[in-house]
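Questions regarding the structure given below will be posed in turn.
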Amino acid sequence: MIKIAVYGKGGIGKSTTAANLSMALSEKGYRVMQVGCDPKADSTGALCGGRKITTVLDAIRQKGNDIALEDIVTIGDGGVICIEAGGPTPGVGCAGRGIITAFEKMTALGAFAQYRPDIVIYDVLGDVVCGGFAMPIRNGYARNVFVVTSGEKMAMYAAGNIAIAVDNFKARGYARLRGILLNCRNVEDELEKVQKFADDIDSRIISVIPRSNIIQEAENLGKTVVAAFPDSEMAQIYRKMADQVLEVCEDDH
């Protein structure tokens, strides 16, 4: 099983990137599971017709410990297995702790043994890499980390913090930073800025995703670009990204 964590600053497009990656990998015949690790619980919307699915924490609040896998799993487009960790009630509790609780419940319910995914993609908010948000790169949940960033200063700042966090865990045999997914925002000299950033953290740009209106058009339809506009140039870019991600993860089995 290939285990991937996609990190990035909030609003940088990591969920769109993760969902299109999941869909492209599903097209290739892989059984894919996507786990949203953001309190907004919007990671899998483009795989589930634009709707928010019941989160693990919502299910726990509704049913206590009497929940089954069917309560927290939704099968999305392309057969992608969709799970959202969710977050605490606003103003009450810690989002990071919520992710830990969700992961513990997924494990207790045997989610991986039951669905047997070939690839698991964790979509993780990377503004703050505290204990809970670092959960996917600890304890063997995800071995391969990709960071979504643009050439914007705050996006690269968040990406730098993520790189530091991954490096801190590397010595313990946990996850490795595999590369940067550049989600362009048409910043001046964007490619050069992000390339320098990648060099500074001893990493590389794996894929360049150009800015395109078709991404928003697909999201308005509640779809990924790969599903909504399969013959588009953007769909081909996401498929190429999937190939590139697989290539650098080929030793993780």
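Could you tell me how many of the residues in region 132-156 are part of a loop (DSSP other than H, G, I, E, B), in contact with a helix residue (DSSP H, G or I) (Cβ under 8 Å, 6 or more places away or on another chain) and closer than 15 Å to residue 166 by Cα? Working first, answer last.
Quick first cut of region 132-156, residues part of a loop (DSSP other than H, G, I, E, B) only: 132-134, 138-143, 150-152.
Of the ones still in play, those that are also in contact with a helix residue (DSSP H, G or I) (Cβ under 8 Å, 6 or more places away or on another chain) are 132-134, 138, 141-142, 150-151.
In the following step, the residues that additionally are closer than 15 Å to residue 166 by Cα were identified as 132-134, 138, 141-142.
The qualifying residues number 6.
Out of (1) touching a Leu at 6+ places or on another chain (Cβ under 8 Å); (2) farther than 20 Å from residue 11 by Cα; (3) not in a helix (DSSP H, G or I), what's the single condition that is false for residue 208?
It fails just one condition, (2).
What's the number of the only condition in (1) exposed (fewer than 14 other Cβ atoms within 10 Å of the Cβ); (2) in contact with a strand residue (DSSP E or B) (Cβ under 8 Å, 6 or more places away or on another chain); (3) part of a loop (DSSP other than H, G, I, E, B) that residue 191 fails to meet?
(3)
Quick check: anything in region 54-73 modelled with pLDDT of 95 or more, closer than 27 Å to residue 247 by Cα and touching a helix residue (DSSP H, G or I) at 6+ places or on another chain (Cβ under 8 Å)?
Checked against the condition, which is being modelled with pLDDT of 95 or more, closer than 27 Å to residue 247 by Cα and touching a helix residue (DSSP H, G or I) at 6+ places or on another chain (Cβ under 8 Å), region 54-73 yields no hits at all.
OK, next. Check region 155-174 and report whether any residue there is of a type in the set (Asp, Glu) and modelled with pLDDT under 95. Spell out how you get there, then give the answer.
To start, the set of residues in region 155-174 that are of a type in the set (Asp, Glu) comprises 167.
From what's left, modelled with pLDDT under 95: 167.
Yes, there is a match, as at least one residue in region 155-174 is of a type in the set (Asp, Glu) and modelled with pLDDT under 95.
Among the residues of region 6-42, count how many are within 13 Å of residue 246 (Cα to Cα) and buried (at least 24 other Cβ atoms within 10 Å of the Cβ).
Counting residues in region 6-42 that are within 13 Å of residue 246 (Cα to Cα) and buried (at least 24 other Cβ atoms within 10 Å of the Cβ) gives 6.
Taking into account only those residues within region 11-52 that are part of a helix (DSSP H, G or I), touching a residue at least 60 places away in the same chain (Cβ under 8 Å) and hydroxyl-bearing (Ser, Thr, Tyr), which is nearest to residue 114 (Cα to Cα)? It would help to see each step written out before you state the result.
Step one: filter region 11-52 for residues part of a helix (DSSP H, G or I), giving 14-27, 45-47.
Remaining after also requiring touching a residue at least 60 places away in the same chain (Cβ under 8 Å): 14-25, 27, 45-47.
Now restrict to residues that are hydroxyl-bearing (Ser, Thr, Tyr): 15-17, 22.
Values: 15: 25, 16: 26, 17: 26, 22: 19 Å.
Looking at the filtered set, the residue picked out is 22.
Could I ask something else about it? Hey, can you tell me all the residues within region 169-184 that are part of a loop (DSSP other than H, G, I, E, B), touching a helix residue (DSSP H, G or I) at 6+ places or on another chain (Cβ under 8 Å) and surrounded by fewer than 19 Cβ atoms within 10 Å (Cβ to Cβ)?
Taking region 169-184 and keeping what is part of a loop (DSSP other than H, G, I, E, B), we get 171-175, 184.
Then drop every residue that is not touching a helix residue (DSSP H, G or I) at 6+ places or on another chain (Cβ under 8 Å), which leaves 174-175, 184.
184 - this is the single residue of region 169-184 that is part of a loop (DSSP other than H, G, I, E, B), touching a helix residue (DSSP H, G or I) at 6+ places or on another chain (Cβ under 8 Å) and surrounded by fewer than 19 Cβ atoms within 10 Å (Cβ to Cβ).
Considering each of 44, 55 in turn, give the residue that is in contact with a Gly (Cβ under 9 Å, 6 or more places away or on another chain), among the β-branched types (Val, Ile, Thr) and farther than 13 Å from residue 19 by Cβ.
Values: 44 fails: farther than 13 Å from residue 19 by Cβ.
Going through 44, 55 in turn, just one is in contact with a Gly (Cβ under 9 Å, 6 or more places away or on another chain), among the β-branched types (Val, Ile, Thr) and farther than 13 Å from residue 19 by Cβ: 55.
Can you tell me which residues in region 68-111 are surrounded by 18 or more Cβ atoms within 10 Å (Cβ to Cβ) and in a loop (DSSP other than H, G, I, E, B)?
Within region 68-111, 73, 76, 80, 85, 86, 87, 109 qualify.
What number of residues within region 117-131 satisfy the criterion of being buried (at least 20 other Cβ atoms within 10 Å of the Cβ) and under 12 Å from residue 165 (Cβ atoms)?
Final tally of qualifying residues: 3.
Within region 213-253, can you find the residues that are over 20 Å from the mean Cα position of the chain (by Cα), polar (S, T, N, Q) and either under 26 Å from residue 3 (Cα atoms) or surrounded by 13 or more Cβ atoms within 10 Å (Cβ to Cβ) (or both)?
The one that is over 20 Å from the mean Cα position of the chain (by Cα), polar (S, T, N, Q) and either under 26 Å from residue 3 (Cα atoms) or surrounded by 13 or more Cβ atoms within 10 Å (Cβ to Cβ) (or both): 232.
The values are calculated or read from the model by the stated rules, or taken from the named source; none is laboratory data. No experiment lies behind these values; they were computed from the predicted model shown. Please note: Cβ atoms are built from the backbone with ideal geometry, for glycine as well, and neighbour counts cover all protein chains shown.
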